[in-house]
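Read through the structure below, which is laid out as structure tokens, and then see the notes.
The values are calculated or read from the model by the stated rules, or taken from the named source; none is laboratory data. Remember, predicted model here, so these are calculated numbers, not experimental data. No Cβ is skipped: glycine too gets one built from the backbone with ideal geometry, and neighbour counts run over all protein chains shown.
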Amino acid sequence: MKKGLKMKLIDLKNIDFPTKKDEDFRKIDISKLLENEYNKVKEYKLDFNTIDKSFQTENELVKINKQLESKTYELKIIKSQEEPIVIVHTLKEDNTLYTNDLHITVEKGIEVSIVEFFVSSCKNSFYSINRDFHIKDNGVLNYIKYQDINETNNMICNTIIDLEEEATINSSAFEMGDGINLNIYDTNLDKKGSSLNLYGLVSLKDKANSSTIFNTTHNEQETYSDIKYKHSLRDSSKAVYEAKSKVNEKGIKTKVFQSSDTILLSDEATIFAKPHLEISIDELEASHAATTGSLDKNQLHYLQTRGIPKNEAFEILLKAFENEIFDTITNQKAKELVKDFKRGDYV
């Protein structure tokens, strides 16, 4: 692409961009992600090998990177290790559309923890990333994603998950930035005993906007999925949680759980939560729920009666609410990295 060339995402060819007519996007204004112009396209390079692999999904948004000639990088884990693998993406150039595709393979019986940080210090930039996870038999991937982007930036993250027999992924996602984020997770559980655990904390302020869509299909017996997200929303921030889990006829003895818990910290904050189950059999365990409210006034009053100032008591209760997601990180070193994160260390 020639230097200085202006472009709009909407000008990309052969992509059927979703609209509010699509069921999953009724509450998501995707036009906000597509309306900006960018001076250039830049591939965010990784120090990994590249492979010729296309992402197999019905999600049209994964095509953006391929149209912009993005390479697919590969990270193959062949040995278990206690030390987490840490990848830091720091966006610094204004008015730039960044792309990045990464395919991660965890070999049979291997357990590994990976932490990815996405941080920006630029203005009016866009990050389009695709993640393809393939965990082989009895493998375990503990994946942590931390997003902290500026308010003028946008980000789309498409995640495709492929689990073989008795394989497990434990994913903990954290969104702390001020920008616009769209996260889409597509998973087909086709192998017996595969286990999908997706946890997330979305803590927004100002005019931040975050949407997360989950599409999970159980096609085999004794599969497991647990999708648990917590939201704490300040000011006029907005979040969308769309979770659809489908259990087909072969999914006997499957366990399927969904939950969304939200604390609204201002009258202008908004949450749209839609947990949804489609079940074709009787022999399974399933539940879904969505709660929305404010911090417990009785608990707040109790802490104040013990001599704790109101603002401090407020933060104690909020941290207790959010810590449940931090506690889903099983690798202690990875947990410390995330809890001690400071944007200033990376920008």
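Assessment of the stretch 208-228 against the conditions (in contact (Cβ under 8 Å) with a residue 40 or more places away in the chain, over 14 Å from the mean Cα position of the chain (by Cα) and assigned to a loop (DSSP other than H, G, I, E, B)) yields at least one matching residue. Considering the conditions (1) over 18 Å from K228 (Cβ atoms); (2) of a type in the set (S, T, N, Q); (3) free of Cβ contacts under 8 Å to residues at least 40 places away in the same chain; (4) surrounded by 12 or more Cβ atoms within 10 Å (Cβ to Cβ), Q332 is excluded by exactly one of them, (4).
Looking at (1) over 20 Å from E82 (Cα atoms); (2) part of a loop (DSSP other than H, G, I, E, B); (3) not acidic (D, E), which one does N138 not meet, given that it meets all the others? Going through (1) over 20 Å from E82 (Cα atoms); (2) part of a loop (DSSP other than H, G, I, E, B); (3) not acidic (D, E) one by one, N138 breaks only (1). Restricting D52, D47 to those that are out of contact with any Cys (no Cβ under 6 Å at 6 or more places or on another chain), within 22 Å of I160 (Cβ to Cβ), surrounded by fewer than 14 Cβ atoms within 10 Å (Cβ to Cβ) and free of Cβ contacts under 8 Å to residues at least 40 places away in the same chain reduces the list to D52. One residue alone among K230, K191 is under 24 Å from D340 (Cβ atoms), buried (at least 18 other Cβ atoms within 10 Å of the Cβ) and basic (K, R), and that residue is K230.
The residues of the stretch 193-209 that are of a type outside the set (A, V, I, L, M) and farther than 21 Å from T57 by Cα, listed by number, are G193, Y199, G200, S203, K205, D206, K207, N209. Pairs linking a residue in the stretch 74-87 that is small (G, A, S) to a residue that is surrounded by 14 or more Cβ atoms within 10 Å (Cβ to Cβ), with Cβ atoms under 7 Å and 6 or more positions apart or on different chains, are S80/I110; S80/E111; S80/V112. Got at least one residue in the stretch 189-197 being closer than 30 Å to S121 by Cβ and at pLDDT 95 or above? For the stretch 189-197, residues closer than 30 Å to S121 by Cβ and at pLDDT 95 or above: absent. Scanning the stretch 63-91 for residues that are loosely packed, with under 13 Cβ neighbours inside 10 Å, of a type in the set (D, E, K, R) and within 23 Å of the chain's Cα centre (by Cα) yields a single hit, E83. Per the listing D132, D162, the residue uniquely among the acidic types (D, E), assigned to a strand (DSSP E or B) and closer than 26 Å to E249 by Cβ is D162.
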